[in-house]
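Where a number appears in this text, it was derived from the coordinates with a stated rule and is not lab data. The structure presented is a predicted model; accordingly, all values stated were derived computationally and were not measured. Positions of Cβ are generated from backbone atoms using ideal geometry, with glycine treated the same way; all protein chains shown enter the neighbour counts.
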Amino acid sequence: MSVTAVTARILHHPHGITAVDTEYLHPGHAAAHIILDDGRAAFVDVGTNHSVPYLLAALQALSIPRSAVDYLLLTHVHLDHAGGAGALLQALPNARAFIHPRGAAHLIDPGKLIAGSKVVYGEARYARLYGELVPLPAARVHEVADGEKVTLGQRTLELIHTPGHALHHYAVVDAAHASIFPGDTFGVSYRALDTARGAFVTPATTPTQFDPKQLIDSVERMLRYRPESMYLMHYSRVTDVPRLGESMKSQVAALADIARAHAQDADPAPGIRADMLRLWTELARAHGVRDAEAQVLDVLGGDLDLNTQGLLAWLQRQRP
């Protein structure tokens, strides 16, 4: 696969970690991360089929041979994180894909994953965003046990199950460097909403498996490692983790309350979305974001829509 036609946008972080813009939706929206240690490399999440040339270009820019990549650590099988895994594996002769047991079958035989994604995005938008998924060869897939440890060069990574955003979710803990790669379990934090107070974080309650108690429990589990850095896919490294963790937990509880408050509405969606926008606008204004409502709508408009769908799906599961 040629990479000469693209240039990867990369950010260099401490401890051999590099963020690569997957060019999903727009620059600065989604980042895959490369971990390099003692000549061996791993990707944490990989973006979509359209991201693969950028990831290969990043390897080239970092002088990492494709043969040096040992792992694709796919935190969960949502397509913005894992849709490009099959195509990427074709270019990486020694890599294996590490996937939660609840998600592995969906990338080996992606028919149900494709159908579910088309329900969320619609067929035309799905095709534009994700293209034709390449199934993963079963022989190159490893199902991740909770607490499993893997070796990358001289570094040990611990893989812990973190449901709440999705049941098929795990996080990658790099304890020696006080870092965690949480996928979407620690929410999203776009650099456009940073202020002098630091990063601004919001939960991802996207369909179809959001569960507020599980998500709060998973955030608390990660916080017990006392990480200094979280490497989010949306978008890359944040610090001041205790503050962000408390904000995440309080917002998850607030969003669940918002959903319950509209459970008896004829159509709960408009009220849920409006109240979520109000909550995020108030938090953003308190964080020092100028023109807070307009900025929230601009940066988090898509998240408002997807989160509303996730809260609706959660409400439906609560009904007897």
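A simple rule links phi to the HN-Hα coupling: the Karplus curve 6.51 cos²θ - 1.76 cosθ + 1.60 with θ = phi - 60°, which for segment 118-126 gives 5, 5, 6, 9, x, 5, 5, 5, 4 Hz, with x for Gly and Pro. Seen from PRO14, the other residues with C-beta closer than 14 Å to its C-beta sum to a net charge of -1, counting Lys and Arg as +1 and Asp and Glu as -1.
Would you compute, from DSSP H runs of 4+ residues alone, the mean residue ellipticity of the chain at 222 nm, taking -39500 (n - 2.57) per run and dividing by the full residue count, rounded to the nearest 500? Please list the in-between numbers first.
Working: 10 runs with 127 residues, N = 320.
Value at 222 nm, helices only: -12500 deg cm²/dmol.
Who wins for biggest fluctuation among GLY164, GLY245, GLY116 in a Gaussian network model of the chain, springs between alpha carbons below 10 Å? Highest fluctuation of the listed residues: GLY116. Across the chain, the longest run free of exposed loop sites, meaning GluC sites (Glu not before Pro) lying outside DSSP classes H, G, I, E and B with no more than 14 other Cβ atoms within 10 Å, spans 1-131. Projecting label points 7 angstrom from Cα along Cα→Cβ for ALA274 and ARG140 puts them 5.1 nm apart. Seen from GLY288, the other residues with C-beta closer than 11 Å to its C-beta sum to a net charge of +2, counting Lys and Arg as +1 and Asp and Glu as -1.
Site pair LYS149 and SER250 shows an inter-label distance of 3.7 nm when each label is modelled 7 Å from Cα along Cα→Cβ.
Charged neighbours of HIS100, selected by a Cβ distance under 10 Å, balance to -1 (K, R count +1; D, E count -1).
Remark on GLU148: its backbone amide H falls under 5 Å from those of LEU159, a criterion applied only to residues 5 or more positions apart or on other chains, H modelled at 1.01 Å from N.
Computed from backbone phi, the HN-Hα couplings of segment 222-236 come to 5, 4, 5, 7, 6, x, 8, 9, 10, 9, 7, 5, 10, 9, 6 Hz, rounded to whole numbers (Karplus: 6.51 cos²θ - 1.76 cosθ + 1.60, θ = phi - 60°; Gly and Pro given as x).
Could you give the length gained on full extension between ARG197 and ALA127, defined as 0.36 nm per residue of separation minus the Cα-Cα distance, in nm? Present the calculation step by step, with values, prior to reporting the outcome.
Numbers: separation 70, 0.36 × 70 = 25.20 nm, distance 3.92 nm.
Here the answer is 21.3 nm.
Projected label points at GLN90 and LEU167, each 7 Å from Cα along the beta carbon direction, are separated by 3.2 nanometres.
Rounded, prolate or oblate, given the Cα gyration tensor of segment 120-208, with a/c below 1.5 counting as rounded? Please report the intermediate quantities before stating the final value.
Details: a/c = 1.97, a/b = 1.05, b/c = 1.89.
The shape class here is oblate.
Based on the Kirkwood radius over alpha-carbon pairs, what is the Stokes-Einstein translational diffusion coefficient of the chain at 4 °C with 1.567 mPa s viscosity, in µm²/s? Estimated diffusion coefficient is 66 µm²/s. Residues whose amide H falls under 5 Å from that of HIS142, counting only those 5 or more places apart or on a different chain, are ALA97, PHE98, ILE99, with hydrogens built in the peptide plane.
Output the relative contact order of the chain, whole-number percent, from Cα pairs under 8 angstrom with separation of 6+ residues. Mind showing how you got there, number by number?
On the way: 662 pairs, mean separation 44.4, N = 320.
It comes to 14 percent, rounded to a whole number.
Stretched out straight at 0.36 nm per residue, the stretch from ARG260 to ALA175 would grow longer than its current Cα-Cα span by 26.8 nm. The 3J(HN,Hα) values that the Karplus relation (6.51, -1.76, 1.60; θ = phi - 60°) gives for segment 103-109 are, in residue order, x, 4, 4, 6, 9, 6, 10 Hz. Gly and Pro appear as x.
Fewest-first ordering of TYR170, TYR126, TYR71 by other beta carbons within 10 Å of each residue's beta carbon gives TYR126, TYR71, TYR170.
If R0 is 22 Å, the Cβ-Cβ spacing of ILE114 and THR208 corresponds to a FRET efficiency of close to 0.95.
Think of each Lys and Arg Cβ as +1 and each Asp and Glu Cβ as -1; about the Cα centre, that makes the dipole of the chain roughly 200 debye. The DSSP beta bridges internal to the chain are antiparallel in roughly 70% of cases.
Multiplying the sequence separation of SER63 and GLU293 by 0.36 nm and subtracting their Cα-Cα distance, what value in nm do you get? Extra length from SER63 to GLU293 when fully extended: 78.5 nm.
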